[in-house]
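Visitor: Mind looking over this structure? Questions follow.
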Amino acid sequence: MAAGAVDVLYLYYNWPPPQLAAAGGGRALPQPALATALRLPRPNRSWRLAATTWAVSVLLLLPAVGPWISIGVMALVGVHELGHLLFARLAGVPASPPVFVGPLGAFVMWQRRDGSSREAATVAMGGPLTGALGALMFLGTALLLPDGSPRTALLGISVFVLLLNVLNLLPAPGLDGGVIGTALNPSILFAGLVAAFGGVVALVVVARLDPVALVVAAVALGSAVRVLRRRGAASQELAPMPARLWIGIAYVGMLLGMTLATGVASLALEPPDVRAYRHEVDAGLRTVYAAYDHERASCAGRLDAACRSDLLRLGLAAHQLAGRLEQQHPPATFAARPPALTAGLRLLAGGAAGASVSMSGSEINAAWARMNQGLLAVEQAQTGIDG
């Protein structure tokens with residue numbers, strides 16, 4: 001997906017090199033036979049190559065995700081790469097049409113001139129910006145549609161592509177963020193990284209975004225540190241201060257905006273009945289866990305009147321929540337998790353009630369064992385429901 005900055009176009013647009021022209025006394029030397037072989041295809045052939053590789057990429061994705069998602073994802077990947085091409089043309093940088101490489105994404109070849117980190121950052125930002133705008137159009141269309149397969153497919157495509165664009169902005173080798181990072185100070189880079197990484201963590205916790213995003217972001221963050229350490233040896237210099245300012249603002253803004261949009265799309269992807277049931281479970285279990293923590297503190301090393309009262313409160317909270325959940329019709333998405341949750345709550349409530357009236361040591365131990373077994377079953381069922 002990330003555009004490659006390739007100097008091979010120099011042979012296509014700027015032959016002969018200045019050194020050879022100078023060696024020829026100011027006259028271009030005769031082109032060797034190899035020069036023609038190294039040239040890229042003419043524009044019409046390049047666009048035919050782009051269309052062909054795009055169609056092949058769709059066919060490669062087809063068995064895994066189906067026709068509509070494969071077409072939608074590759075369409076937004078194409079929008080991403082056309083953004084690189086558009087910004088390259090606006091900056092006066094020679095660039096070729098995109099070439100698609102199946103599930104790995106695509107790339108645009110463009111000529112990066114030595115020392116021009118501002119141009120490189122401009123071209124690199126064009127892809128994530130246009131790709132995110134395309135994904136937002138999918139998201140907006142999906143939010144206007146009623147519940148059904150087209151809405152779900154559009155939301156899934158927008159979540160996937162937005163997340164890819166967020167990760168693609170991290171300043172790691174091979175990503176667009178790595179090219180943008182050559183024009184910025186380390187402080188600006190890490191400000192954007194910390195904000196985006198914190199946003200991804202919040203999305204994993206609040207919006208239940210796929211935790212795999214954290215692993216990918218952590219790997220890219222480690223790569224970014226290595227890039228910054230060896231940046232002094234790079235051939236490019238930092239962009240001038242005015243350009244560095246607007247590049248930094250645009251970079252951090254894109255990271256935060258795309259992270260927020262990913263969370264919105266992820267929340268919208270969850271069906272309303274699933275969201276409502278999860279909210280009911282989470283709110284009820286917070287009360288149960290709070291009663292359990294209070295009981296653990298009051299019963300530490302003793303079984304007095306205060307401890308028995310807290311055990312009764314815990315049992316009542318677990319019993320009431322189990323009753324409320326049993327009266328609902330949970331979404332089929334959770335399979336056997338809701339019955340396991342209510343069974344664990346009943347076991348927890350019975351153990352707490354039994355411990356509150358136990359007199360002998362064996363009765364107390366048996367009641368506490370039932371209570372802990374019920375609590376473990378509740379936690380396992382909640383993990384399955386939270387996904």
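Just so you know, all these numbers are worked out from the coordinates, no wet-lab data involved. Since the model is a prediction, treat every value here as computed from it, not as a measurement. Every residue, glycine as well, gets a Cβ built from its backbone with ideal geometry; the counts of neighbours run over all protein chains shown.
Visitor: Between D293 and A332, what FRET efficiency follows from the Cβ-Cβ distance if R0 is 51 Å, with the result rounded to 0.05?
Guide: 0.95
Visitor: While we're on this one: Using a 10 Å cut-off on Cβ atoms, rank the peptides 246-256, 124-134 from the highest mean neighbour count down.
Guide: With the highest mean Cβ count within 10 Å placed first, the list reads 124-134, 246-256.
Visitor: Ranked by Cβ crowding within 10 angstrom, fewest neighbours first, how are H319, H84, H294, H279 ordered?
Guide: Fewest-to-most ranking of H319, H84, H294, H279: H279, H294, H319, H84.
Visitor: Ranked highest first by average number of other Cβ atoms within 10 Å, how do 322-330, 260-268, 50-58 line up?
Guide: Result, highest mean first: 260-268, 50-58, 322-330.
Visitor: Going by C-beta contacts inside 10 Å, put M258, M109, M137, M359 in order with the fewest on the left.
Guide: Ascending number of Cβ neighbours within 10 Å: M359, M137, M109, M258.
Visitor: Taking R0 as 22 Å, what's the FRET efficiency between A306 and S362 from their Cβ-Cβ distance, rounded to 0.05?
Guide: With a Förster radius of 22 Å, E is 0.45.
Visitor: Here is a further query. For a quick check: sort T122, T152 by the number of other beta carbons within 10 angstrom, fewest at the front.
Guide: Placing the least packed residue first, the sequence is T152, T122.
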